[in-house]
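Data first, discussion second: the structure below is written as structure tokens.
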Amino acid sequence: MKFAIVKERKNPPDRRVVFSPLKLVEAKKQFPEAIFKVESSDIRVFPDAAYKDAGFEVTNDVTDCDVMIGVKEVPIDALIPNKKYFFFSHTIKKQPYNRKLLKAILENNIELYDHETIVNEKGFRLIGFGRYAGIVGAYNGFRAWGLKYNSWNLPKAGRLSNQTALINELNNLELPNIKILLTGSGKVSNGAQEMLDAMHIKAVSVDDYLDNRFNEPVYCKIDVLDYNKRKDGKAIDDVFDFFNHPEEYTSNFMRFARVTDYYIAGHFYGDGAPYLYTRKDVKSPDFNIKVVADISCDVDGPVATTLKASTIADPIYGYNPETETEIDYKDENAITVMAVDNLPCELPQDASEGFGEQFLEQVIPAFFDNDKNGVLERAKITENGKLTDRFSYLYNYVKGIE
């Protein structure tokens with residue numbers, strides 16, 4: 001079987017790749033019967049020469065390959081009919097801007113596998129860039145704090161080579177005695193926590209965070225049962241009760257907002273769950289948060305200060321609680337917001353190496369063991385010019401039917 005590492009063609013340019021040269025060498029060693037070709041690229045974080053030096057063919061023509069592996073959406077005019085494709089298609093939530101892409105995939109008899117749909121038997125994602133979003137998001141939040149208060153001027157993450165370089169910059173800061181709140185329990189929040197721990201910021205319990213003052217910066221990491229409570233007042237310690245019955249809960253986040261200076265949103269927000277805080281909440285004199293790093297970036301949603309996704313080029317904006325509008329983030333009335341929705345792009349080397357490790361472990365074996373764990377079958381969105389049963393709910397979306 002022939003695999004192609006395709007060139008990223010989406011703008012703005014994305015320098016990430018699924019397999020680094022070293023990880024591709026490892027893949028070839030594990031599966032000597034596989035053939036890997038690399039489509040030439042002038043933007044990839046690893047240059048063509050690095051793949052050539054590792055023994056791989058680098059070419060402008062990958063039409064003889066069976067499986068095309070990329071990161072971001074492939075432009076419609078670059079799709080090769082009758083192939084298998086792996087990339088983030090941004091279609092499974094019926095995103096309007098990619099309806100034509102999914103339609104073209106069906107028309108070209110392409111077998112589409114979305115990185116987001118690569119899940120285990122319980123539906124949990126097996127691969128992703130979440131850890132790196134958390135790493136960069138936490139860094140960018142500290143950068144935003146420094147710019148807001150003229151305390152320090154960190155370089156943009158994209159100018160630094162790797163996570164170690166980010167940590168070195170952060171460890172040069174003299175932080176005030178701020179309280180930092182981190183929401184979430186998955187890869188995103190764990191990535192952010194790595195950065196806080198690398199800065200030797202003290203982790204404290206929920207009770208200590210809410211009730212005590214400290215002579216040093218501290219952080220508290222909380223999950224859904226910490227910032228939500230049942231409407232009937234029952235004490236519950238089973239998160240699945242929340243996941244299965246979110247309508248029975250209401251937000252309890254404001255108790256944290258009263259004492260938090262810097263908030264890192266690294267949670268996953270599920271449909272039907274209560275908003276963490278609303279625009280009305282932000283108007284309250286009890287709302288103390290000054291800087292928000294919204295890594296989850298659900299626009300106009302559960303984190304009310306997130307009016308829009310920001311960009312790597314222009315990552316920070318201000319939120320005015322009274323007018324509920326965007327203002328200069330340095331304005332004394334502004335809550336400073338960092339809400340970049342493609343954070344891993346700022347750490348392309350580390351992100352690519354980590355993603356390739358997951359892809360080699362979770363996906364490539366399925367092509368050679370008859371998909372014994374059902375990974376490919378669950379992930380497959382299209383086949384033989386039709387949606388698979390699992391993704392048949394996208395039929396009206398493809399047809400443009402409301």
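Just a few scattered comments:
- Qualifying residue in segment 112-127 (condition: part of a helix (DSSP H, G or I), closer than 17 Å to ARG378 by Cβ, out of contact with any strand residue (DSSP E or B) (no Cβ under 6 Å at 6 or more places or on another chain) and not charged (D, E, K, R)): yes
- Qualifying residues in segment 347-392 (those that are farther than 15 Å from ASP114 by Cα and among the aromatic types (Phe, Trp, Tyr)) - the one surrounded by the most Cβ atoms within 10 Å (Cβ to Cβ): PHE367
- All strands (runs of 3 or more DSSP E) inside segment 189-275 with 3 or more residues being in contact (Cβ under 8 Å) with a residue 12 or more places away in the chain and hydrophobic (A, V, I, L, M, F, W, C): 218-222
- Test: residue in segment 387-401 that is modelled with pLDDT under 95, part of a loop (DSSP other than H, G, I, E, B) and over 24 Å from ASP298 (Cβ atoms): yes
- Hey, VAL74 assigned to a loop (DSSP other than H, G, I, E, B) and surrounded by 15 or more Cβ atoms within 10 Å (Cβ to Cβ) or not: yes
- Check on LYS330, free of Cβ contacts under 8 Å to residues at least 24 places away in the same chain and either part of a loop (DSSP other than H, G, I, E, B) or out of contact with any Gly (no Cβ under 7 Å at 6 or more places or on another chain) (or both): no
- Pairs with Cβ under 7 Å, 6+ apart, first in segment 122-140 and within 23 Å of THR336 (Cα to Cα), second part of a strand (DSSP E or B): GLY137/ILE264; GLY137/ALA293; ALA138/ILE264; ALA138/ALA293; ASN140/ALA293; ASN140/MET338; ASN140/VAL340
- Among (1) over 21 Å from the mean Cα position of the chain (by Cα); (2) part of a loop (DSSP other than H, G, I, E, B); (3) farther than 23 Å from ASN11 by Cα, the one test that ASP61 misses: (3)
The values are calculated or read from the model by the stated rules, or taken from the named source; none is laboratory data. For clarity, every value in this text was computed on a predicted model and none was experimentally measured. Every residue, glycine among them, receives a Cβ derived from its backbone with ideal geometry; neighbour counts consider all protein chains shown.
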